[in-house]
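Here's the structure we're looking at; comments come further down.
The values are calculated or read from the model by the stated rules, or taken from the named source; none is laboratory data. Nothing here was measured: the structure is a model prediction, and the numbers come from that model. We place every Cβ from the backbone using ideal geometry, glycine too, and count neighbours over all the protein chains shown. Note: accessible area is taken over every heavy atom of the protein model, side chains too, but ligands, DNA and RNA are not part of it. Shrake-Rupley method; radii C 1.70, N 1.55, O 1.52, S 1.80 Å.
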Amino acid sequence: MEKEQGMKAALKTEEGTFEMENVGRPKLEKADWVLARIRVAGICGTDLRHWKKAEHELTCKIMGHELAGEVVEVGPDVKNIKPGDRVVIETLLGDDTCEWCNIQHYNLCPNLYPVRMRTLSQAFAEYVAGPCRKFYKLPDHVSFEEAALLDTFSVGLHAIQLSGIKLNDKVVVIGAGCIGLGQLQLAKLSGADVLIIDKVDSALQLAGELGADQVVNPEKEDIQEKVKAFTSGRGADIVFECAGGTAMPVTLPQAVSCVRIGGKVVVVGGFEKEQQIALDWSHIQMAEIKLIMSASYSYWDIYPEMQISLDLLAKGKMNAKKMITHRFSLDDINQAFDTAEKKESTHAVFVALNI
């Protein structure tokens, strides 16, 4: 009988931290599956919302969904990649049976999280396996670290698609973390003028280096005054809320207050479970403000949004290198999470785990 091969993985503990364990290596479940050796994984805002939280359903589970690596083994039906290829791995995987998956809106699949958590959303380990269509070959000049940011860029690209952004639009981005900095770059590529808001000065400095037309620290400056001056008194055509999480009760009303009559608020940042947020609904209705919810990413017409993001990065139109601020080994994952969480003192943006 063939001995099961193992791998090192960071498993979530009952207290919400991580401990290193040896677990079984994933296998090729179908003929079109691929096994890859993970080289770099990233820590994002979604991961941080689970940090040091007791969550029974995640205890002893492998987490993480921003990753790049090297193909080790392919099934007999795989034609697009081969062992030795460097790849970025998309972790959005639906059940392939629902009406949303049927039209490539798998980001809306009712079973998205159970399926992806069981397969591709397991970045904090040595190996991962899944369908070959989720593995995108990297050009030689794109590093594993840069590629690990493509999940973040794809989230922003999906929001750009939903926003209907136009040339010369006046855009406000709230939050200058990984999502917000990606959103900034994509809005600039779309031909918009961008004002970005964050309370961390180091993040605002980086935003300026990445092309922001104006940066605002709400703890030091009047947001309304700055936005009005930036938009000839009207308010923004589009506001992208990119902070999410516990900040949302502040940032979502802030987004509504920054947008013009007839403008759009695109919610990119994630909510906490059962989060209650008060909004000025009368103003939203009377001003015909459109609230647009953006969830992960999938396709833009016939093109995978992950592939579009990879193309933009490979052509030098997106900058990932500037966003990589810290590097840790997988063994030091708890220190890495602490660093990512304490960004006001550590100045962390993208924290990479080298595996």
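Remarks
- From the coordinates shown, log10 I(q)/I(0) by the Debye sum over Cα atoms at q = 0.07, 0.08, 0.10, 0.14 Å⁻¹ corresponds to which of (i) -0.39, -0.50, -0.70, -1.06; (ii) -0.29, -0.38, -0.60, -1.16; (iii) -0.45, -0.53, -0.69, -1.06: (ii)
- Per-residue SASA remark: Ser345, around 90 Å² accessible (1.4 Å probe; ligands, DNA and RNA not included).
- The apolar share of the surface of the chain, taken as the fraction of accessible area on carbon and sulfur atoms (1.4 Å probe, ligands and nucleic acids excluded), comes to 50 percent.
- Ellipsoid semi-axes for the stretch 140-290, based on the Cα gyration tensor and the rule √(5λ), read 24, 17, 16 Å when sorted largest first.
- With 0.36 nm allotted per residue and the present C-alpha distance subtracted, the Lys273-Met286 stretch has 1.8 nm of extension available.
- Label point of Lys137 set 7 angstrom out along Cα-Cβ; within the stretch 300-339, amide nitrogens under 18 Å from it belong to 304, 306-315.
- Part-to-part distance (alpha-carbon centres) for the stretch 146-194 and the stretch 49-67, which is given in Å: 27
- FRET efficiency estimate (nearest 0.05) - Cβ-Cβ, Val72 to Gln307, R0 22 angstrom: 0.50
- Rounded to the nearest 20, the Cβ-based charge dipole of the stretch 102-246 about its Cα centre (Lys and Arg +1, Asp and Glu -1) stands at 640 debye.
- Between the C-alpha center of the stretch 1-44 and that of the stretch 234-290 there is a gap of 38 Å.
- Accessible solvent surface per residue of the stretch 1-155, calculated while the other protein chains remain in place, 1.4 angstrom probe, Å²: 46
- Label positions at Ala31 and Trp300, each projected 7 Å from the Cα along the C-beta direction, are separated by 3.5 nm.
- FRET efficiency estimate (nearest 0.05) - Cβ-Cβ, Arg327 to Glu14, R0 22 angstrom: 0.20
- Using the 1.4 Å probe convention, the accessible area of the stretch 182-244 works out to 40 Å² per residue with neighbouring protein chains retained.
- DSSP H segments from the chain that extend 15 Å or more along their own axis, Cα-based, with Kyte-Doolittle mean of 0.5 or above: 150-163, 178-189
- Whole-number percent relative contact order across the stretch 171-274, with pairs defined as alpha carbons under 8 Å at least 6 apart: 28
- Residues Cys101, Cys60, sorted by accessible area with the largest first, give Cys60, Cys101 [1.4 Å probe; ligands and nucleic acids excluded].
- Entries in Lys12/Lys343; Lys53/Lys342; Lys61/Lys134; Lys134/Lys290; Lys52/Lys220 that, when Cα-Cα distance is taken, lie over 25 Å: Lys134/Lys290; Lys52/Lys220
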